[in-house]
Amino acid sequence: MPGVLGKVEFVVGGILLAVITGLVFIAAVMRFFGNPLIWSVDLAQLLFIWLCFIGATRAMRQRAHLGVDYLVRLLGHRHRLLLETALAVVFVAFLSVLAVEGYKLTILNWERQFGDSGLSYAWVTIAVPAGSIMLSASIISNVVSSWRQARLDGQLVFTRTSAETDEAPAEI
(Lines give C-alpha, C1' and ligand atoms only; values in the text may rest on other atoms or scores of the structure.)
Protein backbone atom coordinates (compact mmCIF):
# COMPACT_ATOMS: atom_id res chain seq x y z
CA MET A 1 0.00 0.00 0.00
CA PRO A 2 2.74 2.58 0.75
CA GLY A 3 4.01 2.14 -2.81
CA VAL A 4 0.60 3.11 -4.18
CA LEU A 5 0.30 6.00 -1.73
CA GLY A 6 3.76 7.19 -2.66
CA LYS A 7 2.88 7.23 -6.34
CA VAL A 8 -0.41 9.03 -5.70
CA GLU A 9 1.35 11.65 -3.55
CA PHE A 10 4.03 12.09 -6.18
CA VAL A 11 1.51 12.57 -8.99
CA VAL A 12 -0.79 14.86 -6.97
CA GLY A 13 2.19 16.89 -5.76
CA GLY A 14 3.51 17.23 -9.30
CA ILE A 15 0.13 18.32 -10.60
CA LEU A 16 -0.28 20.86 -7.80
CA LEU A 17 3.19 22.25 -8.41
CA ALA A 18 2.56 22.53 -12.15
CA VAL A 19 -0.79 24.26 -11.62
CA ILE A 20 0.72 26.68 -9.08
CA THR A 21 3.58 27.50 -11.45
CA GLY A 22 1.16 27.97 -14.34
CA LEU A 23 -1.13 30.20 -12.32
CA VAL A 24 1.70 32.44 -11.13
CA PHE A 25 3.15 32.65 -14.66
CA ILE A 26 -0.20 33.48 -16.25
CA ALA A 27 -0.89 36.05 -13.52
CA ALA A 28 2.46 37.73 -14.19
CA VAL A 29 1.89 37.81 -17.94
CA MET A 30 -1.64 39.14 -17.58
CA ARG A 31 -0.49 41.78 -15.11
CA PHE A 32 2.20 42.84 -17.60
CA PHE A 33 -0.48 43.37 -20.24
CA GLY A 34 -2.65 45.35 -17.82
CA ASN A 35 -5.30 42.69 -17.12
CA PRO A 36 -4.38 41.17 -13.75
CA LEU A 37 -6.01 37.93 -12.67
CA ILE A 38 -6.57 38.75 -9.03
CA TRP A 39 -8.01 35.33 -8.16
CA SER A 40 -4.99 33.42 -9.49
CA VAL A 41 -2.73 34.38 -6.59
CA ASP A 42 -5.40 33.32 -4.09
CA LEU A 43 -5.82 29.98 -5.82
CA ALA A 44 -2.04 29.46 -5.97
CA GLN A 45 -1.83 30.09 -2.20
CA LEU A 46 -4.66 27.64 -1.55
CA LEU A 47 -2.98 24.94 -3.63
CA PHE A 48 0.38 25.66 -2.02
CA ILE A 49 -0.85 24.87 1.50
CA TRP A 50 -2.15 21.52 0.24
CA LEU A 51 1.14 20.88 -1.57
CA CYS A 52 3.04 21.56 1.67
CA PHE A 53 1.04 19.00 3.63
CA ILE A 54 1.24 16.38 0.87
CA GLY A 55 5.00 16.91 0.63
CA ALA A 56 5.41 16.78 4.41
CA THR A 57 3.50 13.50 4.52
CA ARG A 58 5.62 12.00 1.76
CA ALA A 59 8.82 13.12 3.46
CA MET A 60 7.63 11.71 6.79
CA ARG A 61 6.85 8.31 5.29
CA GLN A 62 10.26 8.23 3.58
CA ARG A 63 11.98 9.42 6.76
CA ALA A 64 13.41 12.33 4.81
CA HIS A 65 12.68 15.26 7.14
CA LEU A 66 15.71 17.12 8.38
CA GLY A 67 16.76 16.43 11.91
CA VAL A 68 19.66 17.06 14.23
CA ASP A 69 20.72 13.71 15.63
CA TYR A 70 24.24 14.48 16.83
CA LEU A 71 23.69 13.22 20.38
CA VAL A 72 21.04 10.64 19.53
CA ARG A 73 23.44 8.83 17.20
CA LEU A 74 25.50 7.90 20.25
CA LEU A 75 22.67 5.67 21.49
CA GLY A 76 22.27 2.09 20.40
CA HIS A 77 19.56 1.11 17.93
CA ARG A 78 17.15 -0.16 20.60
CA HIS A 79 17.40 3.03 22.68
CA ARG A 80 17.04 5.21 19.60
CA LEU A 81 13.94 3.27 18.60
CA LEU A 82 12.45 3.76 22.07
CA LEU A 83 13.24 7.49 21.99
CA GLU A 84 11.84 7.95 18.50
CA THR A 85 8.70 6.01 19.45
CA ALA A 86 8.19 8.31 22.44
CA LEU A 87 8.64 11.31 20.16
CA ALA A 88 6.16 9.80 17.72
CA VAL A 89 3.55 9.61 20.50
CA VAL A 90 4.16 13.31 21.29
CA PHE A 91 3.92 14.27 17.60
CA VAL A 92 0.73 12.30 17.02
CA ALA A 93 -0.82 13.89 20.12
CA PHE A 94 0.15 17.35 18.84
CA LEU A 95 -1.16 16.58 15.35
CA SER A 96 -4.41 15.31 16.90
CA VAL A 97 -4.87 18.65 18.65
CA LEU A 98 -4.11 20.42 15.37
CA ALA A 99 -6.66 18.27 13.57
CA VAL A 100 -9.42 18.99 16.10
CA GLU A 101 -8.70 22.70 16.32
CA GLY A 102 -8.25 22.92 12.55
CA TYR A 103 -11.64 21.31 12.08
CA LYS A 104 -13.21 23.86 14.43
CA LEU A 105 -11.51 26.65 12.48
CA THR A 106 -12.79 25.19 9.22
CA ILE A 107 -16.37 25.19 10.50
CA LEU A 108 -15.99 28.80 11.66
CA ASN A 109 -14.64 29.89 8.26
CA TRP A 110 -17.15 28.10 6.06
CA GLU A 111 -19.02 31.31 5.20
CA ARG A 112 -15.89 33.45 4.85
CA GLN A 113 -14.76 34.16 1.29
CA PHE A 114 -11.13 33.55 0.36
CA GLY A 115 -9.81 36.76 -1.19
CA ASP A 116 -11.30 37.52 -4.57
CA SER A 117 -11.56 33.89 -5.63
CA GLY A 118 -15.15 33.35 -4.52
CA LEU A 119 -14.13 30.13 -2.76
CA SER A 120 -14.83 29.45 0.88
CA TYR A 121 -11.87 30.04 3.20
CA ALA A 122 -12.68 26.62 4.64
CA TRP A 123 -10.82 25.07 1.69
CA VAL A 124 -7.66 26.64 3.08
CA THR A 125 -8.23 25.83 6.74
CA ILE A 126 -9.31 22.23 6.13
CA ALA A 127 -5.79 21.54 4.87
CA VAL A 128 -4.60 21.67 8.49
CA PRO A 129 -6.78 18.83 9.83
CA ALA A 130 -6.40 16.82 6.64
CA GLY A 131 -2.62 17.26 6.66
CA SER A 132 -2.44 16.45 10.36
CA ILE A 133 -4.34 13.22 9.81
CA MET A 134 -2.11 12.27 6.85
CA LEU A 135 1.05 13.03 8.86
CA SER A 136 -0.25 11.04 11.85
CA ALA A 137 -0.98 8.08 9.60
CA SER A 138 2.56 8.22 8.21
CA ILE A 139 4.09 8.42 11.67
CA ILE A 140 2.00 5.49 12.93
CA SER A 141 2.95 3.48 9.84
CA ASN A 142 6.63 4.25 10.48
CA VAL A 143 6.33 3.18 14.12
CA VAL A 144 4.70 -0.12 13.19
CA SER A 145 7.25 -0.94 10.48
CA SER A 146 10.14 0.06 12.76
CA TRP A 147 9.01 -2.21 15.58
CA ARG A 148 8.41 -5.10 13.18
CA GLN A 149 12.07 -4.87 12.19
CA ALA A 150 13.39 -4.06 15.67
CA ARG A 151 15.14 -7.39 16.09
CA LEU A 152 17.03 -6.87 12.85
CA ASP A 153 18.31 -3.42 13.85
CA GLY A 154 16.34 -2.21 10.84
CA GLN A 155 14.43 1.01 10.43
CA LEU A 156 13.90 3.79 12.90
CA VAL A 157 10.73 5.88 13.15
CA PHE A 158 12.07 9.21 11.88
CA THR A 159 15.68 8.60 10.93
CA ARG A 160 17.01 6.76 7.93
CA THR A 161 19.59 4.22 8.94
CA SER A 162 22.80 3.80 6.98
CA ALA A 163 21.40 0.58 5.46
CA GLU A 164 18.38 2.49 4.12
CA THR A 165 20.48 5.23 2.54
CA ASP A 166 22.80 2.70 0.87
CA GLU A 167 19.92 0.79 -0.71
CA ALA A 168 18.18 1.45 -4.00
CA PRO A 169 16.97 4.96 -4.84
CA ALA A 170 13.88 6.31 -3.06
CA GLU A 171 10.49 5.22 -4.31
CA ILE A 172 8.55 7.48 -6.59
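The values are calculated or read from the model by the stated rules, or taken from the named source; none is laboratory data. Keep in mind it's a predicted model, so treat the numbers as computed, not measured. Note that each Cβ is placed from the backbone with ideal geometry, even for glycine, and that neighbours are counted across all protein chains shown.
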For residues in the range 49-77 being at pLDDT 85 or above and out of contact with any Leu (no Cβ under 8 Å at 6 or more places or on another chain), which is farthest from GLN155 (Cα to Cα)?
ILE49
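Scan LEU95, LEU23, LEU5 and give me the residue that is at pLDDT below 95 and within 20 Å of MET134 (Cβ to Cβ).
Working: LEU95 fails: at pLDDT below 95; LEU23 fails: within 20 Å of MET134 (Cβ to Cβ).
On inspection, the qualifying residue turns out to be LEU5.
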Mind checking whether some residue in the range 48-63 is within 16 Å of the chain's Cα centre (by Cα), surrounded by 14 or more Cβ atoms within 10 Å (Cβ to Cβ) and part of a loop (DSSP other than H, G, I, E, B)?
yes
Name the residue, out of VAL143, VAL157, VAL124, that is over 20 Å from VAL90 (Cβ atoms) and in contact (Cβ under 8 Å) with a residue 40 or more places away in the chain.
VAL124
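Conditions (1) more than 25 Å from the chain's Cα centre (by Cα); (2) of a type outside the set (Val, Ile, Thr); (3) not in a helix (DSSP H, G or I), marked per residue:
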site	(1), (2), (3)
VAL19	no, no, no
LEU23	no, yes, no
VAL29	yes, no, no
LEU43	no, yes, no
Go through the range 71-130 and count every residue that is in a helix (DSSP H, G or I), surrounded by 15 or more Cβ atoms within 10 Å (Cβ to Cβ) and polar (S, T, N, Q).
3
So which residues in the range 19-47 are of a type in the set (Gly, Ala, Ser) and surrounded by fewer than 11 Cβ atoms within 10 Å (Cβ to Cβ)?
GLY34
Taking the range 131-147 as the search range and keeping residues that are more than 14 Å from GLN62 (Cα to Cα) and under 14 Å from the mean Cα position of the chain (by Cα), which one is surrounded by the fewest Cβ atoms within 10 Å (Cβ to Cβ)?
ILE133
Evaluate the following for VAL68: is it under 18 Å from the mean Cα position of the chain (by Cα) and free of Cβ contacts under 8 Å to residues at least 60 places away in the same chain?
no
